[in-house]
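A short worksheet on the structure shown next.
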Amino acid sequence: MKKENIYVDLPENVVNIISKLESDGNQAYAVGGCVRDSVLKRTPEDWDITTSAVPQQVKALFKRTVDTGIKHGTVTIMIDKSGYEVTTYRIDGDYEDGRHPKSVEFSVCLEDDLKRRDFTINAMAYNNATGLVDQFNGIDDLNSKIIRCVGNPTDRFSEDALRMMRAIRFSAQLGFSIEDQTYAAIKELAVNINKVSRERIHVELNKTLLSDHPDYIMMMYETRLTKQILPIIDVVLSGRRSVVTLTMLKISPKELVLKYAALLNDIPADKVTETLKDLKLDNNTIYTVTKLVECSKLVIQEKEPSVREAIYKYGKDIIPLIILHQETILKAKEISTGIKMTGGKNHIAVLKRLYQEIMDRGDCISVKDLNVNGSDLMEYGLKGPIIGETLDELLHIVMENPKLNEKETLIAMIENR
C-alpha cells in the first residue's frame, strides 16, 4: 500500500468544496477517519475537510453554513440535506480539563493540524491535486494493523482521556493491535477516564460492543479502564466466567441490548439497572437489557397459550430478544463445554416457530385485541373497576383459545357470569 499508489475516491460534493476553497487561494484536504476508511476500502460515515481558510472565509464562500464549532474553527457546509464539517488548521492550547483545549490558535500549516490528532491512522489528509499527505506514517500502521498515537502517547492521552477508549474502540472495529507504548500509556493514565462524561464513555463502549471484535472489551479490563468506569463489569471480566462472557459477546447478534445482556448476564437484574443508569444510557435500553438478564432462565412451555401469555406479560417486541439471548447462552455453553445442547436448541426452535405463527395470525394478546370493549360491558350494566377486571379475565380466556374471540361469544360469557 505505497503512498504514491493510493487513490481516494472523493465524493463530488467534497471535491467541489475543496475546489472552491482552493480557487479562493486556500489549501483544503479531506482528513481523518474518512481518509483512513477509504484507504481500507470501508465506506466513511462522514467526510471532514481541513483548510487554511479561517471560518469567516469559509462562510463567505458557501451559501448555507452552520456554526457548529466556530470557536474551534469548525463550520458545517450544508449541501442538500448533507453536512460537511470544514475546520481551519489549528494548534490546540493546553488541555486543562483532560478533555478540551483551553484555547485554539489558527494556523496556515497542515502539519500543525495533523500533529494534534490522536492516532497516526487518523492523521492523514488527501486531495486530488496533492494526493495523500501522511507525515506520521499512518499508511505503515494501516499495513501493520496497528493503533499508534501521533507523537508521545502520554501527551495525547493527557490532553484528552477519551482517546484511551477510542484506541480500544478502533482496535475492536478494525481488528488491529495497539502499539506497546500506546497501550502502556493507557494503563498509566486509566484513572483520567473519570474526567470524561458518562455520555461520551457509553458512546465509545457501545461502538466497541457493536464492532466485529466486541471481546476486545477485555483490553478495557486489562488497562484498568473498567475499574474506573464500570467496577461491576471489572468483576465479571476478572472471574472464572469471563471466558463464557467473552464468547457470548462474540456470538450474540449485533444489537446493542443483546450485547449488553451478554456482557451483564451474570449480574443480578437490579445491578444491571444500576450499572446502565450510571452509564447514562436511555431508559428503553436500560429496561430491555434488565428484562433480558432477568429472563435469561425463563422457561416458556412449548404450547401456544404459554407463548401468548409470555407475549402478554413481556411484550411482543421483547419475546424475540429473550429467545435470541437464551440462544446465545446456549451456544456459548456448547462452545465452552464441547457438549451439544440439542434439547435446548430444539426447544428454542419450537418457541421461534410458535411465536411467528401467533404473530402472523394476529392472535389476541392484549385487551385492545378483544372483540369487546369497555363500552360494550357498560351496556350490560358493568361499572367501575369490574369493567377492567372482566376484560382482563376475557383476555386470558381468549389467549387460551383464540377462537373464542367473537363478540357474541364474549357477551354470552358476560351474561353467564
*asked:* I'd like to compare 83-92, 362-371: which one has the highest average count of other Cβ atoms within 10 Å, and what's the full order after that?
replied: 83-92, 362-371
*Taking the Cα centre of the range 1-66 as origin, work out the dipole magnitude from +1 charges on Lys and Arg Cβ and -1 charges on Asp and Glu Cβ, in debye rounded to 20.*
40
*Please report the relative contact order for the chain, taking Cα pairs under 8 Å with a sequence separation of at least 6, and give it as a percent rounded to a whole number.*
9
*asked:* Which order do the peptides 235-244, 250-259 come out in when sorted by mean C-beta neighbours inside 10 angstrom, highest first?
replied: 250-259, 235-244
*Using per-residue counts of other Cβ atoms within 10 Å, averaged over each peptide, order 177-186, 405-414 from highest down.*
177-186, 405-414
*asked:* Among Leu330, Ile311, Leu370, whose Cα projects farthest towards the positive end of the dipole of the chain, with charges put on the beta-carbon of Lys, Arg (+1) and Asp, Glu (-1)?
replied: Leu330
*the range 1-87: trypsin sites (Lys or Arg not before Pro) in DSSP coil with no more than 14 other Cβ atoms inside 10 Å*: Lys2, Lys41, Arg42, Lys63, Arg64, Lys81
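Given a 1.4 Å probe, how much area per residue of the range 199-273 is accessible, in Å²? Walk me through the numbers on the way to the answer.
Values: 3070 Å² over 75 residues.
Accessible area per residue, the range 199-273: 41 Å².
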*In the range 318-417, lysine pairs closer than 23 Å at Cα, eight or more apart or cross-chain*: 11
*Per residue of the chain, what 222 nm ellipticity follows from adding -39500 (n - 2.57) for every DSSP H run with n ≥ 4, rounded to the nearest 500?*
-15500 deg cm²/dmol
*Report the charge-dipole magnitude of the range 1-159 in Debye, nearest 20, computed about the Cα centre from +1 at each Lys and Arg Cβ and -1 at each Asp and Glu Cβ.*
240
*Leading residue at positive end of dipole, the chain (Cβ point charges), from Pro11, Gln301, Leu395*: Gln301
_Students often forget the sequence filter, so: which lysines lie under 25 Å Cα-Cα from Lys20 once same-chain residues fewer than 8 apart are removed?_
Lys59, Lys63, Lys71, Lys81
*Top mean-square fluctuation among Met341, Met359, Met378, Gaussian network model of the chain, C-alpha springs under 10 Å?*
Met378
*Of the heavy-atom accessible surface of the chain (probe 1.4 angstrom), what whole percent is carbon and sulfur?*
48
*Square roots of five times the Cα gyration tensor eigenvalues for the chain, Å*: 53, 28, 20
*Translational D (Stokes-Einstein, µm²/s) of the range 187-240 at 20 °C and 1.002 mPa s when Rh comes from the Kirkwood sum over C-alpha pairs?*
187
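The values are calculated or read from the model by the stated rules, or taken from the named source; none is laboratory data. Predicted model, so just to flag it, every value in this text is computed and none were measured. With ideal geometry, Cβ positions are generated from the backbone for all residues, glycine too; neighbour counts draw on all protein chains shown. We work out accessible area using only protein heavy atoms, side chains counted, and drop any ligands, DNA or RNA first. Shrake-Rupley method; radii C 1.70, N 1.55, O 1.52, S 1.80 Å.
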